[in-house]
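The values are calculated or read from the model by the stated rules, or taken from the named source; none is laboratory data. Every value quoted in this text rests on a predicted model; they were computed, and no experiment measured them. Glycine also receives a Cβ, built like all others from the backbone with ideal geometry; neighbour counts cover every protein chain displayed.
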Amino acid sequence: MGKPAGVIVFVTLGLAILGALAACGGDDEAPADGGAPPATTAAEAGAAETSSAPPEDSGTGSDRSWDECTKLALPAAVAQTTGTGAAAEPAGGLIDDGTYVLTSFVVHGASALTSDEMVLAYAFSGESYEAISGRARTSGGSFGTNGSSLTLVPSCACTSSPVKSCSRDDAAPAKLSFTATDTEILVFSPYANGGTSVATLTKQ
């Protein structure tokens, strides 16, 4: 069922995406080209990992025994593209139950890009969520919305790299700016070099 964007239910959405995974203890990889690392997007915060080159599988392919937080399949990586003009303003909306997989990763207004790619998927059911971010991080917990703000409160976070581990300690909530439609969820994040990234996840 959809969740009205006026009631905060502190049940994180997907690891509040950034804080939850960080609480798990995983470190982001530096860009393979040695350049400045991209700004971590809000979408990544709760569940996504970017890098200039795909990281090693780290046991996250067919062997997902390390993942105690989700039942999500590992989605394909989506390459970053450059948007035209300014990004739209987040508008909030109802988040319907279902699985949403990243289909577009667009950066607007940045003076330069870092050739990133993103792996990201969410599943929502009632007031609970699951998230897979990158090839080696997952989380699950509760979520709530208030206007165009989405709050994620992870209660489980796992990583397979560099060390396979899981934590079931409550992590700090994370807030994302979002727009939800019947078929998509858009997550808006500040990006390096003065830009805004828009991660579009499509309902499966």
Worksheet item: When region 145-171 is examined, which residues are found to be under 19 Å from A199 (Cα atoms) and part of a strand (DSSP E or B)?
Response: T145, S149, L150, T151, L152
Worksheet item: Does at least one position in region 150-165 carry a residue that is without any contact (Cβ under 8 Å) to a residue 60 or more places away in the chain and under 23 Å from I95 (Cα atoms)?
Response: no
Item to complete: Give the residues of region 90-138 that are aliphatic (A, V, I, L, M) and surrounded by fewer than 17 Cβ atoms within 10 Å (Cβ to Cβ), sorted by residue number.
Response: A91, L94, A112, L113
Worksheet item: Does T145 satisfy the criteria of being surrounded by fewer than 23 Cβ atoms within 10 Å (Cβ to Cβ), within 30 Å of T84 (Cβ to Cβ) and at pLDDT 90 or above?
Response: no
Discussion item. Looking only at region 109-136, count every residue that is out of contact with any Asp or Glu (no Cβ under 6 Å at 6 or more places or on another chain) and either more than 23 Å from D67 (Cβ to Cβ) or in a strand (DSSP E or B) (or both) and tell me the total.
Written reply: 19
Discussion item. Give me the residue from region 73-89 that is farther than 24 Å from S139 by Cβ, polar (S, T, N, Q) and surrounded by 10 or more Cβ atoms within 10 Å (Cβ to Cβ) and, out of that set, nearest to the chain's Cα centre (by Cα).
Written reply: T81
Worksheet item: Here are some residues: V101, V106. Which one is β-branched (V, I, T), at pLDDT 50 or above, more than 21 Å from S139 (Cα to Cα) and under 17 Å from the mean Cα position of the chain (by Cα)?
Response: V106
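Residues are listed down the side, and each one gets a yes or a no for (1) touching a residue at least 60 places away in the same chain (Cβ under 8 Å); (2) within 23 Å of S197 (Cα to Cα):
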{"site": "T70", "(1), (2)": "yes, no"}
{"site": "L74", "(1), (2)": "yes, yes"}
{"site": "V78", "(1), (2)": "no, yes"}
{"site": "A87", "(1), (2)": "yes, yes"}
{"site": "P90", "(1), (2)": "yes, yes"}
{"site": "I95", "(1), (2)": "yes, yes"}
{"site": "G98", "(1), (2)": "yes, no"}
{"site": "L102", "(1), (2)": "yes, yes"}
{"site": "V107", "(1), (2)": "yes, yes"}
Worksheet, complete the sentence: Residues in region 160-189 that are within 17 Å of P75 (Cβ to Cβ) and within 15 Å of the chain's Cα centre (by Cα) total 4
